[in-house]
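Below is one structure, written out as structure tokens; comments come after it.
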Amino acid sequence: MRAFTYERARSPADAAAAAVRTEGAKFIAGGTNLLDLMKLEIEAPSHLIDVNHLGLDRIEPIADGGLRIGALVRNTDLAADERVRRDYGVLSRALLAGASGQLRNRATTAGNLLQRTRCPYFYDTNQPCNKRRPGSGCAALGGFSRQHAVVGVSDACIATHPSDMAVAMRALDATVETTRPDGAARSIPIAELHRLPGETPQIETTLQPGELITAVTLPKPVGGKQLYRKVRDRASYAFALVSVAAIVQPDGTGRVAPGGVAHKPWRVEAADAELPRGARAVSARLLDGAKPTRENAFKLQLAERTLGAVLTEARG
């Protein structure tokens with residue numbers, strides 16, 4: 001057991017300031033990822049800052065017709081919200097595909113965005129992993145890589161981002177709101193929140209030290225047929241081999257974002273323009289420059305077929 005200290009933050013600014021004041025501090029809300037990592041000694045925070053009592057658990061309309069989702073809104077409540085189900089169906093469907101009901105009852109919006117990879121080599125402390133121990137190497141490159149990324153990879157890391165919710169948020173062009181340690185607010189387009197691995201896969205987001213996510217905003221509804229399809233090894237509590245979040249308009253235009261293929265929620269805007277031409281044209285754009293391993297090369301065809309099924313359903 002590694003000892004740590006604990007405090008309950010009084011405001012977002014207080015929480016952010018405490019995080020930079022105390023070396024090794026981490027925020028804790030639902031704890032569905034952090035506590036597991038602490039038990040395995042992958043994460044060993046010296047100080048936990050409880051943010052559960054900051055009033056960030058509401059879903060509210062905003063002036064432009066969109067929604068503001070508090071960072072502490074639980075996944076169950078977000079998926080069940082009438083406005084989300086009606087206007088942002090792709091998000092509700094992704095959340096319901098994401099985990100068991102018990103986990104959704106605890107997991108928060110911000111925590112879902114910031115969860116860490118489920119790469120087995122990241123979780124095995126006897127194996128080299130540049131995310132866990134920078135400079136040690138990537139065991140997945142020469143190991144069991146069936147679940148791993150095929151685009152946006154580097155020689156330092158081929159892990160995938162595990163979130164289903166984040167893929168839907170990417171398709172919706174969400175914006176992440178934060179509070180910095182000096183109390184200043186910042187807005188980050190979700191496309192800019194997560195980083196590709198490059199040579200520093202341990203740096204997973206563009207958040208600054210101590211910066212706290214306070215909300216996610218969704219722009220006004222765009223309509224269309226909104227779908228989320230997840231292909232996985234088993235029907236319950238499994239991470240995506242490939243997933244597809246799609247918003248398809250009656251004229252065939254729209255947006256598409258695949259999951260399970262990259263280090264971050266993946267979207268290539270140029271691929272959206274190919275939607276009227278079908279799944280093959282879209283996939284060619286989405287997966288351009290792919291570098292699969294021998295074990296996960298099947299994902300290229302699986303992504304195209306999954307997208308094809310989604311487009312057929314959307315136009316049916």
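Tallying residues that are under 23 Å from ALA140 (Cβ atoms) and in a loop (DSSP other than H, G, I, E, B) within segment 224-278 yields 15. Scanning segment 275-291 for residues that are at positive phi and surrounded by 14 or more Cβ atoms within 10 Å (Cβ to Cβ) yields a single hit, GLY278.
Residues in segment 129-147 that are out of contact with any Pro (no Cβ under 9 Å at 6 or more places or on another chain) and closer than 16 Å to ASN296 by Cα: LEU141, GLY142, ARG146.
Applying the condition of being modelled with pLDDT under 95 and of a type outside the set (A, V, I, L, M) to segment 61-103 and asking which residue is most open to solvent (accessible area, probe 1.4 Å) yields GLN102. Count of segment 205-233 residues, restricted to those that are open to solvent by less than 40 Å² (accessible area, probe 1.4 Å) and of a type in the set (D, E, K, R), is 2. In segment 156-196, the residue that is surrounded by the fewest Cβ atoms within 10 Å (Cβ to Cβ) out of those that are farther than 23 Å from GLN301 by Cα and charged (D, E, K, R) is ASP182. For ARG285, state whether it is outside any loop (DSSP other than H, G, I, E, B) and more than 24 Å from GLU204 (Cα to Cα). When the stated conditions are applied, ARG285 passes them.
Scanning segment 46-72 for residues that are in a strand (DSSP E or B) and touching a Pro at 6+ places or on another chain (Cβ under 7 Å) turns up just one, LEU67. For segment 125-155, the set of residues classified as buried (at least 20 other Cβ atoms within 10 Å of the Cβ), under 20 Å from ASN33 (Cα atoms) and not hydrophobic (A, V, I, L, M, F, W, C) consists of ASN130, LYS131, ARG132, GLN147, HIS148, listed by residue number. The residues of segment 8-21 that are within 19 Å of GLU43 (Cα to Cα), within 27 Å of the chain's Cα centre (by Cα) and open to solvent by 40 Å² or more (accessible area, probe 1.4 Å) amount to a single one, VAL20. Going by the structure shown, is LEU56 over 30 Å from GLU7 (Cβ atoms) and open to solvent by less than 40 Å² (accessible area, probe 1.4 Å)? So LEU56 does not fit the description; no. Look at GLU192 and say whether it is outside any loop (DSSP other than H, G, I, E, B) and without any contact (Cβ under 8 Å) to a residue 24 or more places away in the chain. Yes; evaluated as a whole, the condition is true for this residue.
Taking the conditions exactly as written (small (Gly, Ala, Ser) and over 23 Å from PHE122 (Cα atoms)), does ALA25 satisfy them or not?
Working: small (Gly, Ala, Ser): yes; over 23 Å from PHE122 (Cα atoms): no.
When the stated conditions are applied, ALA25 does not pass them.
Tell me yes or no: at least one residue of segment 284-301 is more than 21 Å from PRO197 (Cα to Cα), modelled with pLDDT of 95 or more and touching a Gly at 6+ places or on another chain (Cβ under 9 Å). Looking for residues that are more than 21 Å from PRO197 (Cα to Cα), modelled with pLDDT of 95 or more and touching a Gly at 6+ places or on another chain (Cβ under 9 Å), one finds none in segment 284-301, hence no.
The values are calculated or read from the model by the stated rules, or taken from the named source; none is laboratory data. Every value quoted in this text rests on a predicted model; they were computed, and no experiment measured them. Every residue, glycine among them, receives a Cβ derived from its backbone with ideal geometry; neighbour counts consider all protein chains shown. Surface accessibility is based on the protein's heavy atoms, side chains included, excluding ligands, DNA and RNA. Shrake-Rupley method; radii C 1.70, N 1.55, O 1.52, S 1.80 Å.
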